[in-house]
Amino acid sequence: MPGKRGRKKRSNYPIPAPTPKGIRKEKENYISIDIEDDNHKLATSIENSIQGLPPIPPDCCIYKVPPKLRSLHEKAYTPQVVSIGPFHHGKKEFEVMEEHKLRYLHAFLNRANLSLEDCITEMKKWERKACNYYAQKIDISDGKFLKIILVDSCFIIEAMLASLGVGGGRLIPYLPEEIFLFQTDLILLENQIPFFVLDGLFQLAFPSDHEEMLFLKFSIDYFSNFMLIKDDNKLFNKVKVYLKMTGFEVKHFVDLLRICFLPTKLRARPLPDKVKLITICNALDLQEAGISLKGSSGNTLLDIRYTKGVLEIPRLVVEESSEIVLINIVVLENCLYTYDSYIRDYVFFMHMLMDTPKDAELLIQNEIIENCLGDSKAVVTLFNKVGYEVLINDSSYYFFDISKKINAYRIVSRHTWMATFKRDYCSTPMRIAYTIVAVLLVVLTLMQTALLQSLRM
């Protein structure tokens, strides 16, 4: 009808359904969107994890030993009598020592005429820096870390002073073996307090400009039994010169021992391109090749010299504590001094010299090793154990030049002939006499033969 809006006429034709191709394309779009969403979520999750990582402090130098190494030499890394620092704190086996620590803390405060408030005030200034020395994340918000380093630091200083007989203090009445274990526990990498904390607390308690009252001097005297080389009265001056020359600081007791062992001549900087790892033969083979091995009175263990077929090695004292000393310094160098290792290189060099107990016996006879273990096989075993920890950096091997000269000498055949002659014919006075007589007989025989031939002519 005119003026009325008519209804829209419904089509009799059905609406066409989506084609299979259209469905596939639509599904692909959905799948693509889902994948992009998943990728974005994963990327966001990883980025959040990265941002949540605590920063690696540049002062980090006290490490936990990797589980694989710990399983091989558990006792070499684990304290036996006392825990120092946060890594082993709270373990049941050290509960009795925690009581003794408090007694030592009380004795230290009386000796130094300090209050706990005085010490805590200073410790709070050092707390953040000290925390950054440890490779493991430490929460300092609850004051537990501050208490640990305060009690342990006072305990260590008082124990050292009492042990050295300073000021009439006295040690806990340990058995002799426990005293040894107590000292040994203080040179384990996981059982350390930052040296600057100990030094600062010592100076707070006993302010003095006199060298004899420096904590560095006390520390070197206290650990003199672990120096592996005897009769070195110049260690304190040597360490002072090294620290002044390099601008470094002693990080902890293990680092102090390492510095004491460093050679008189440090490696050149920058490192020459030619440096690489070179192996040498064992001691017996070197002797067979005509190389003489002699003990020397070098200032440090690493002052090894080689000149014209003579290898001079400073005398090493091998005793019960030697394995623990070397193995903890080696792990420290693996972690902190990767491109400036010296003790690792020394252990590797000595390890190459000793394949068998006979090699060790030769070094003992030539006064290169003073064996306090009683068995040459034990010496070889020690270097095998410590050598297992060594990760040598090919580009900075300290004994590159010496090893190169040794190998150059060894491949010259006449040196081997001469060494064989000396061994077979001149090793004892009697053999020398027999050799002279034999040579004279040969000469006289030749002269007689020549004379007879001339007469016949």
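Among the conditions (1) in contact with a strand residue (DSSP E or B) (Cβ under 7 Å, 6 or more places away or on another chain); (2) closer than 30 Å to Thr78 by Cβ, Ser341 misses just one, which is (1).
Counting the residues of the range 351-393 that are charged (D, E, K, R) and part of a helix (DSSP H, G or I) gives 5. Are any residues in the range 122-153 part of a loop (DSSP other than H, G, I, E, B) and either open to solvent by 50 Å² or more (accessible area, probe 1.4 Å) or farther than 16 Å from Ser83 by Cβ (or both), and if so, which ones? Within the range 122-153, Asn132, Tyr133, Ala135, Gln136, Lys137, Asp139, Ile140, Ser141, Asp142, Gly143 qualify.
Taking every residue in the range 281-293 that is more than 15 Å from Gln365 (Cβ to Cβ) and pairing it with any residue that is modelled with pLDDT of 90 or more and open to solvent by 20 Å² or more (accessible area, probe 1.4 Å), at least 6 positions away or on another chain, yields no pair with a Cβ-Cβ distance below 7 Å.
Within the range 288-308, the set of residues being at pLDDT 90 or above and surrounded by 18 or more Cβ atoms within 10 Å (Cβ to Cβ) comprises Ile291, Leu293, Gly295, Leu302, Ile304, Tyr306.
Within the range 309-341, the set of residues being at pLDDT below 95 and closer than 13 Å to Phe399 by Cα comprises Asp340, Ser341.
Among the residues making up the range 104-129, those that are without any contact (Cβ under 8 Å) to a residue 24 or more places away in the chain and basic (Lys, Arg) are Lys124, Lys125, Arg128. If the condition is being out of contact with any Asp or Glu (no Cβ under 9 Å at 6 or more places or on another chain), hydrophobic (A, V, I, L, M, F, W, C), open to solvent by less than 10 Å² (accessible area, probe 1.4 Å) and touching a residue at least 40 places away in the same chain (Cβ under 8 Å), then the range 327-351 contributes only Phe349. When the range 83-98 is filtered for residues that are assigned to a helix (DSSP H, G or I), open to solvent by 30 Å² or more (accessible area, probe 1.4 Å) and at pLDDT 90 or above, the ones remaining, listed by number, are Lys92, Glu93, Glu95, Glu98. The residue list Glu361, Glu370, Glu323 contains one member that is surrounded by fewer than 22 Cβ atoms within 10 Å (Cβ to Cβ), among the acidic types (Asp, Glu) and free of Cβ contacts under 8 Å to residues at least 40 places away in the same chain, which is Glu361. The set of residues in the range 99-126 that are among the charged types (D, E, K, R) and more than 30 Å from Ser322 (Cβ to Cβ) comprises Glu99, Arg103, Arg111, Glu117, Asp118, Glu122, Lys124, Lys125.
The set of residues in the range 52-82 that are farther than 13 Å from Val331 by Cα and exposed (fewer than 10 other Cβ atoms within 10 Å of the Cβ) comprises Gly52, Leu53, Pro54, Pro55, Ile56, Pro58, Ser71. Comparison of Val310, Val331 shows that the only residue that is of a type in the set (Val, Ile, Thr) and under 24 Å from the mean Cα position of the chain (by Cα) is Val331. Scanning the range 201-242 for residues that are among the acidic types (Asp, Glu), over 29 Å from Leu373 (Cα atoms) and part of a helix (DSSP H, G or I) yields Glu211, Glu212.
A search for C-beta distances below 7 Å between a residue of the range 202-231 that is under 20 Å from Pro263 (Cα atoms) and open to solvent by 40 Å² or more (accessible area, probe 1.4 Å) and any residue that is at pLDDT 90 or above and not hydroxyl-bearing (Ser, Thr, Tyr), counting only pairs 6+ apart in sequence or on different chains, returns Lys230/Val317.
The values are calculated or read from the model by the stated rules, or taken from the named source; none is laboratory data. The structure displayed is predicted, hence computed values, not measured ones. Neighbour counts run over all protein chains shown; Cβ positions are idealised from the backbone, glycine included. The area values use the complete protein model at the heavy-atom level, side chains included, leaving out ligands, DNA and RNA. Shrake-Rupley method; radii C 1.70, N 1.55, O 1.52, S 1.80 Å.
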